[in-house]
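The values are calculated or read from the model by the stated rules, or taken from the named source; none is laboratory data. Fair warning: this is a prediction, and the values are worked out from it, not measured in the lab. All Cβ positions, even for glycine, are placed from backbone atoms using ideal geometry, and neighbour counts span all protein chains on display.
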Amino acid sequence: MHAEIFALGSELTTGAKLDTNSQWLSVELAGAGIETRFHHTVADDLPAMLSELRAASRRSELVLLTGGLGPTADDLTRESLAQLAGVPLVEDAASLAHVQECYRRFGRTMPAANRVQALIPAGAEVIPNRHGTAPGLWMTVPPGEIGGDGGCTLIALPGVPAEMRPMFRESVLPRLPRGANLIRVARMNLFGAGESAVEERLGDLTARGRTPEVGITAHEATITLRIVARAPDEAGVQRQFEETKRIAVERAEELIFGEEDETLAGCVLNLLRERGETLAIAEVGTGGRLADWLTQEDVPDARAFLGGLVEPTETICLGAAVAPGEAASEVRSRWGATYGLFTPALDESGAERAIVLATPDREVRATYRHAIDSAIARSRLAKAALDLLRRHLLGRAT
């Protein structure tokens, strides 16, 4: 079975709000072995919605819609489903009673406009909503001009995540057929090379048609390998993950710092705690990102990050103009830390700047060049500093 997901609402197409429902639903469907092939974001425009729904219902066996079930004139999901199926909207007595009861519980009179939430396409089934006024809709169209060769099930849910998610898990997911294969996703996180360089290192691991599928994404210099495994059981999924990860480690081990949601800051702090060592920082060009990340990731009862300074310019770092090496050593000394880490100011000319790590017996340096976007540059600089410390702790820094 293949699925398509619609997020409906002009607030999404204008960028006023972000669609998180489609991502969440895709993960839930994958857990049931149902692959999502398309995400659609459609404005409150009935002809546009109908056009996209017609194409989706012919192409896929399952279509999920979120949003557009409210009581206002721009809530068009009910109407679009009715027109798709060629049936009228009819009032559902149980749905009307539910909407009225929701208002009664809050001591309010139901506005007349909310009566529209009890309208459903003739022949559709109501999905109860225990967390709001808008009921969901379950509609099946048979094979043919509308439903394609195998027919199509269309399921409409509210756009509010707090309503949509429990409705999906309680009333939708248990009724969906399970796919022949489980679909699972694992992630490996890398730092220290660009997307194309990582792909070159990995070779055929990212080839199209390979099982499992391996994709590469980049975000502020962190590279993520996305491994999509499909197998009849969990054991088969795990075998695919293990073999792919083994090959990735063979080809790019020094770049890999973690899996899933692990961060460079978390990796570094874990290494420090394992060694019983500590860190202090002197940040200039990062906008405080190191302090923020390290503070969030550290463990209060086993602290590895002792603190440090965040300064706007190098001229007042540590209260006076100091060389990068002196700043790293000074902050290490002041906080009594095993290591002192210094990040330089951003240099928009593109000149190389030095990141400096002061250790108990020497200085270790890495060079950094400014990225075009300053916000991205600050994150890249902070990550480059953490990676310098990570490589030193693993015996890989030069």
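Tell me which residues, restricted to region 188-208, are closer than 16 Å to Glu243 by Cβ and either in a loop (DSSP other than H, G, I, E, B) or not acidic (Asp, Glu) (or both).
Met188, Leu202, Gly203, Leu205, Thr206, Ala207
Within region 58-104, how many residues are without any contact (Cβ under 8 Å) to a residue 40 or more places away in the chain and among the hydroxyl-bearing types (Ser, Thr, Tyr)?
2
Whether any residue in region 115-123 is in the same structural domain as Val63 (by TED's automatic domain parsing), under 15 Å from Thr72 (Cβ atoms) and more than 36 Å from the chain's Cα centre (by Cα) is what I want to check.
Yes: region 115-123 contains one or more residues that are in the same structural domain as Val63 (by TED's automatic domain parsing), under 15 Å from Thr72 (Cβ atoms) and more than 36 Å from the chain's Cα centre (by Cα).
Quick one: how many residues across region 330-369 are hydrophobic (A, V, I, L, M, F, W, C) and under 33 Å from the mean Cα position of the chain (by Cα)?
Summing the residues that are hydrophobic (A, V, I, L, M, F, W, C) and under 33 Å from the mean Cα position of the chain (by Cα) in region 330-369 gives 9.
What pairs can you find where one residue is in region 274-288 and outside any loop (DSSP other than H, G, I, E, B), the other is aromatic (Phe, Trp, Tyr), and their Cβ atoms are less than 7 Å apart, with a gap of 6+ or different chains?
Note: pairs meeting the criteria are Leu279/Phe305; Leu279/Tyr339; Ala280/Trp335; Ala282/Phe342.
Taking the residues in region 346-360 that are surrounded by 14 or more Cβ atoms within 10 Å (Cβ to Cβ) and modelled with pLDDT of 85 or more as candidates, determine which candidate is farthest from Asp373 (Cα to Cα).
Filtering first and then ranking leaves Thr359.
For region 221-243, enumerate the residues that are over 30 Å from Gln296 (Cβ atoms) and either assigned to a helix (DSSP H, G or I) or modelled with pLDDT of 95 or more (or both).
Glu234, Ala235, Gly236, Val237, Gln238, Arg239, Gln240, Glu242, Glu243
Can you name every residue in region 115-137 that is of a type outside the set (D, E, K, R), surrounded by fewer than 17 Cβ atoms within 10 Å (Cβ to Cβ) and in a loop (DSSP other than H, G, I, E, B)?
Across region 115-137, the qualifying residues are Ala122, Gly123, Pro128, His131.
Quick one: which residue in Thr153, Thr140 is farther than 14 Å from Asp92 by Cα, in contact with a Cys (Cβ under 9 Å, 6 or more places away or on another chain) and in a strand (DSSP E or B)?
Sole residue among the options that is farther than 14 Å from Asp92 by Cα, in contact with a Cys (Cβ under 9 Å, 6 or more places away or on another chain) and in a strand (DSSP E or B): Thr140.
What's the number of the condition Leu394 fails, among (1) closer than 18 Å to Ala193 by Cα; (2) in contact with a strand residue (DSSP E or B) (Cβ under 9 Å, 6 or more places away or on another chain)?
(2)
Can Leu53 be described as assigned to a helix (DSSP H, G or I) and either in contact (Cβ under 8 Å) with a residue 60 or more places away in the chain or surrounded by 18 or more Cβ atoms within 10 Å (Cβ to Cβ) (or both)?
Against the criterion (assigned to a helix (DSSP H, G or I) and either in contact (Cβ under 8 Å) with a residue 60 or more places away in the chain or surrounded by 18 or more Cβ atoms within 10 Å (Cβ to Cβ) (or both)), Leu53 qualifies.
How many residues are under 22 Å from the mean Cα position of the chain (by Cα) and assigned to a helix (DSSP H, G or I) when one looks only at region 168-183?
Qualifying residue count for the region: 3.
Residue by residue, here is whether (1) within 22 Å of the chain's Cα centre (by Cα); (2) under 22 Å from Gly194 (Cβ atoms); (3) assigned by TED's automatic domain parsing to the domain that holds Thr206; (4) surrounded by 22 or more Cβ atoms within 10 Å (Cβ to Cβ) holds:
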position	(1), (2), (3), (4)
Glu243	no, no, yes, no
Val249	no, yes, yes, no
Glu253	no, yes, yes, no
Arg275	no, no, no, no
Glu283	no, no, no, yes
Ala291	no, no, no, no
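If the requirement is being surrounded by 15 or more Cβ atoms within 10 Å (Cβ to Cβ) and under 20 Å from Arg175 (Cβ atoms), which of these qualifies: Ala43, Ala30?
After applying the criteria, what remains is Ala30.
Considering region 1-24 alone, what residues qualify as being in a strand (DSSP E or B) and of a type in the set (Val, Ile, Thr)?
If the condition is that a residue be in a strand (DSSP E or B) and of a type in the set (Val, Ile, Thr), then Ile5 is the only one that fits.
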